[in-house]
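Novice: My questions all concern the structure below.
None of the figures in this text is laboratory data; all of them are computed from the coordinates on show. Keep in mind that what you see is a predicted model, and the values were worked out from it rather than measured. So basically every Cβ, Gly included, is an ideal-geometry build from the backbone, and we count neighbours across all protein chains shown.
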Amino acid sequence: MHLNFEKNFFKKYLYILFVCHSSRNVMSNLVTVLRNPYPIPDISREGIWVSHGPVLGENVSVNDRRWYARLKPHERLFAHHTLNSIRKDHRLIRPKVPQDSLDLALSSIYKHDADTLVPKTYVPMQPETLGKETWRVLRNQIKTYSKPPSLLGHPVKYARPYQTEDVASNVRKGIIQRIHPSSVKLAIEGPHTDQTNPGYSRKVDGTFYSI
């Protein structure tokens, strides 16, 4: 019985270490989405290339951010691809693309055993409509991973406290009023003041009447 207790304790200890390590790796990287600066969109999730990839030209480097620097206008236009143009390349095989309405319904979020009495528009609804990331690439963007700054990597900043005189003059019903010099109110406004459409007349202080 003592050996079983040690085995169970050791398994729980390894599981806790694994969870802590995985959560630390997830939290240690910051994901930033940027516009794709390269000539080819990243559509590796949608399919595979039969050959080495699309034909771009001799002077075009796929991994260079300034691939367009030494190209002529017609060469740059030929080498630059969008999501629509790259999907029309016959060297790209995309087996996950729905071929008919049945495939589209099978890839939807509708579950026959769980969803009951839902609208008809809910049946063909795709996961991308709800913001979920799938094999489809909706935008020509790339993800960059970076480590967050350390918590103690900056000096401690202290907020400047309000002075007693300023607080006493600007406090109204427990709320500090932030008065701007361009919108000074000379009288107390109420619901029974004269009102007109904005733009046709102004108040004495230059502001518009409220509708």
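Novice: D for segment 72-130, whole µm²/s, Stokes-Einstein with Kirkwood Rh over alpha-carbon pairs at 25 °C and 0.890 mPa s: what number? Display every interim value, and only then the final one.
Specialist: Numbers: Rh = 14.6 Å.
Here the translational diffusion coefficient equals 168 µm²/s.
Novice: Trypsin sites (Lys or Arg not before Pro) within segment 84-119: which are DSSP loop residues with at most 14 other Cβ atoms inside 10 Å? Mind showing how you got there, number by number?
Specialist: Details: sites: Arg87, Lys88, Arg91, Lys96, Lys111; in loops: Lys88, Arg91, Lys96, Lys111.
Those satisfying the criteria are Lys88, Arg91, Lys96, Lys111.
Novice: How large is the translational diffusion coefficient of segment 28-146 in µm² per second when you combine the Kirkwood radius over alpha carbon pairs with Stokes-Einstein at 10 °C and 1.306 mPa s? All intermediate terms of the calculation are to be shown ahead of the outcome.
Specialist: Numbers: Rh = 17.1 Å.
The diffusion coefficient I find is 93 µm²/s.
Novice: Label points 7 Å out from Cα along the Cβ direction at Val204 and Met125: separation in nm?
Specialist: 5.6
Novice: Here is a further query. If neighbour count is taken as other Cβ atoms inside 10 Å, put Ile86, Ile109, Ile93 in order from fewest to most.
Specialist: Fewest to most other Cβ atoms nearby, the residues stand as Ile93, Ile109, Ile86.
Novice: Where in segment 40-138 are there GluC sites (Glu not before Pro) that are in a DSSP coil and have at most 11 other Cβ atoms within 10 angstrom of their Cβ? List each step's numbers first, then the result.
Specialist: Values: sites: Glu46, Glu58, Glu75, Glu128, Glu133; in loops: Glu46, Glu58, Glu133.
Those that pass, being in a loop and sparsely packed, are Glu58, Glu133.
Novice: Here's another thing I want to ask about it. Restricting attention to segment 23-101, which chymotrypsin sites (Phe, Trp or Tyr not before Pro) occupy a DSSP loop and are surrounded by at most 11 other Cβ atoms within 10 Å?
Specialist: none
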